[in-house]
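Please read the structure below before turning to the comments.
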Amino acid sequence: MSAEAGAETLVARPRGRATYWLGGDGFFRAVVTACSAVVLLTILAMVVFLLVQGFDAIRHYGFFSFLTSARWAPSEADPNVSSPNPYGILQFIYGTMLTSCIAMVIAVPVAVSVALYITNFAPTRLRRGLSSLVDLLAAVPSVVYGFWGIFALIPALKPIGEFLASTVGKVPVIGVAFSGPFFGYSYFTAGVVLAIMVLPIIAAVCREIFATAPLNWKEAATALGATRWEVAKIAVYRPSRSAIMGASILGLGRALGETIAVTMVIGNSVLAINKSILGQGATMASVIANEFTEATEPFHLQALFVVGFWLLVVALVVNIIARRIVAAAVAL
Amino acid sequence: MRTATLSTTAVAIALLGLLDACGSTDSAAGATNASTPGATAVCQGTTAKPGYTNGLPQQPNAASSLSGAGSTFVAPMMSQWTSTYASNGVQVAYQSIGSGAGIKQLQAATVDFGDSDAYMKDSDLALAKGPVLQIPLVLAPVVVTYNVKGVPSGLKLDGQTIGKIFTGQITTWNDPAIQSQNTSLTLPSTPIATVHRSDGSGTTDIFTDFLTKESPSWVASLGGATKSRGKTVAWPIGIGGKGNEGVSGAVGQTDGAIGYVELGYALTQHLNYADVKNKSGAYIEPCNQSVLAATNGVSYPADLRFDLTDGSDSHAYPITGTTWALIYQNQTNGAKAAALTNFFSWALTTGQDLTLSLNYQPLGKDLQQKCLAQLKKMTLNGQPIVP
């Protein structure tokens, strides 16, 4: 009785503004708001920083002139000449997109299969060990992937690349995308290294999604006489498709920004878009890593900041899309 | 659970073992450095240490620490010098961050000295906080290294051929241009993979300076002599490797590759390298004697900004370079100025004896004297430090 009366008083007591802000609620609210603001401000500050640092080059050459050329030749920059812009970055955007695409084409099917195997097919005793092994791949530092790429992957890919160059590479029209010679350092190799690097991210997310697949769907499918493969397809894979998309785009985010491993195996050719995936190229991240310590030509360093700005733009856009897709998947 | 953990560990160990095995397969580059018959015998015997004595009086009240930054190429030498010099109670901290970065740090006056493999141009000097002394420290060759099955060290190449290779006008190893210079060798039809530095580099500056002087095809392809030489150039083709180690790694891994690195890297990576045709028409192996010969007949300008490529001596290795210490001529801190004078006068005299073991070449007597004279130009608030 008395407790009830007490509760009534508590509810009835008018809560002034001061009480709200000085009490625990207000304080907590302030802290979490501040923390969120810090994250937002950091991203904004980064965009502003990159633009400010790159401002001299942007003013000299024009904001969009970087996107209309695929020729990066710092040695041809002249402080008194503003056109043509020697710092074209289309080939870097192309390289970033192409290597990430190759990575996705290889990594997504493998990651989904690995996750399906772990959640639905592997013997219970093996599941834990397999999961940790896949996670272990994510723990390998990227410079180690780069070394491994040079000394193990390139010799292994050599016969494949040479085979592609001598067969598909000879076909008219599409052959240009596979034309040789193949020396190992290429978009293709960079894509394969990236595939292995993003595989654990995609596999881990997929594993969580598949593990939460509704049990009654599985039971229903089994009851209807579905085989194990059909159960996995109908009750696990199909309902998770949009979540797999989200997982893939999270992996893509990693692939877009990966720097050292790519720099070590892509061949760092910056002068034009190389039409062959077996040829050398460069990405936005790799050109920054290569050149910022010795960026001594006119507007060179500023142009690298512009590259950094566009890399951030691409990465942010991809992340926003990923969030949308994941949100849509959760809503289902 | 227990078995699962155990199996994970076992696989992890197996994976590590695999990585290890992969890492060790690449040392089969086959490095026989026998001098080729027919090549001019310049590299005979061993070079004696120069044994210069330090005649400069030690400056009293010197600072106990100095900071420097710049060239990665001179970093092994600096590290040897600073660790030996530490016994004098002076710690010299050298950050090997690249020549361009070293110049920037000097311009910002955040270090006591800089170091660059390409001397500071007038446009660089304009951004400095006062006149800069540029003092050569050691000499070294840039070698043309290659990885072609069955071809040992000593392949003969002239500048025009190298230029055509790096512009993609010569694409296979058995091209007549290469074969005609190496009649005793059977060259394979392997496609040529050119490897260059992807980062800005003094090594690139030395190499492209040589190509600019010797290869009209190179100059034409790059669009003129002002664009064909520099720490970065617009490479028309090829694989970009980051740092000397990136280039030597790519050459060592790729059958048919050709690149350029400092001699020390080629030796430690067991890579083969070419005898390059010099100005007087002789094919010269890079070594101490031929590098020293590259300084013969060079007339040094007063500011000691010079190139050693394409030397006129008949024994000169044509792709030779040096590295410059960069010091503000007028110092404002007496203790730092004293320490700088002491350290560099030591490096230019006693320190020169330490160069040979690290595959650098000590400065010749006349150049060394000019460098010491340059060092003596240092002033403290306008007053000479060494009388």
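Derivation of every value follows stated rules applied to the coordinates shown; laboratory data play no part. For clarity, every value in this text was computed on a predicted model and none was experimentally measured. Cβ sites come from the backbone with ideal geometry, for glycine too, and all protein chains shown count toward neighbours.
Structure data summary
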quantity: Helix-only CD estimate at 222 nm, as mean residue ellipticity for chain A, using -39500 (n - 2.57) per DSSP H run (n ≥ 4); calculated: -22000 deg cm²/dmol
quantity: Part-to-part distance (alpha-carbon centres) for segment A:225-295 and segment B:273-311, which is given in Å; calculated: 48 Å
quantity: Neighbour-count ranking [beta-carbon atoms within 10 angstrom, fewest first] of A:Thr263, B:Thr53; calculated: B:Thr53, A:Thr263
quantity: Fewest-first sequence of B:Asp255, B:Asp199 by Cβ atoms within 10 Å of each Cβ; calculated: B:Asp255, B:Asp199
quantity: Share, in percent, of DSSP beta bridges within the protein assembly as shown that are antiparallel, nearest 5; calculated: 60 percent
quantity: Sequence of B:Lys279, B:Lys231 once ranked by neighbouring C-beta atoms within 10 Å, starting from the fewest; calculated: B:Lys279, B:Lys231
quantity: Shape category assigned to segment B:42-145 from the gyration tensor of Cα positions, a/c cut at 1.5; calculated: oblate
quantity: Mean ellipticity per residue at 222 nm, deg cm²/dmol - from DSSP H runs of n ≥ 4 across chain B, formula -39500 (n - 2.57); calculated: -9500 deg cm²/dmol
quantity: Binned Cα-Cα distance frequencies in chain B - 10 Å width, integer %; calculated: 5, 22, 30, 21, 13, 6, 2, 0
quantity: Mean Kyte hydropathy of -1.0 or more with a Cα span along the axis of at least 18 Å, helices from DSSP in chain A; calculated: A:24-61, A:90-116, A:124-139, A:187-211, A:241-257, A:300-331
quantity: Segment B:233-281 - Rg and Dmax from Cα coordinates, angstrom; calculated: 12.0, 34
quantity: Averaged over A:75-85, number of beta-carbon atoms from partner chains that fall within 10 Å; calculated: 2
quantity: Long-range amide H partners of B:Lys277 with built H, under 5 Å; calculated: B:Leu157, B:Asp158, B:Gly159, B:Ile284
quantity: DSSP bridge orientation in chain B - percent antiparallel, rounded to nearest 5; calculated: 60 percent
quantity: Value of Rg to Rh for the protein assembly as shown (Rh from inverse mean 1/r over Cα pairs, i.e. Kirkwood); calculated: 1.06
quantity: Rg/Rh ratio calculated on Cα atoms of chain A (Kirkwood radius); calculated: 1.11
quantity: Net dipole in debye of chain A [+1 Lys, Arg Cβ; -1 Asp, Glu Cβ; about Cα centre; nearest 20]; calculated: 1060 debye
quantity: Placed amide H near B:Thr379: partners under 5 Å, 5+ positions off or other chain; calculated: B:Asn330, B:Gln331
quantity: Placed amide H near B:Thr323: partners under 5 Å, 5+ positions off or other chain; calculated: B:Leu137, B:Val138
quantity: Cβ-Cβ FRET estimate between B:Thr332 and A:Ala327, R0 fixed at 60 Å, reported to 0.05; calculated: 0.45
quantity: Flagged links, alpha-carbon separation over 29 Å, of A:Lys275/B:Lys227; B:Lys164/B:Lys279; B:Lys104/B:Lys365; B:Lys121/B:Lys213; A:Lys275/B:Lys121; calculated: B:Lys104/B:Lys365; A:Lys275/B:Lys121
quantity: Inter-site label distance for A:Ile174 and B:Phe306 at 7 Å from Cα along Cβ, in nm; calculated: 6.2 nm
quantity: Between 0 and 90°, nearest 10: helix B:334-347 axis offset from chain B longest Cα axis; calculated: 50 degrees
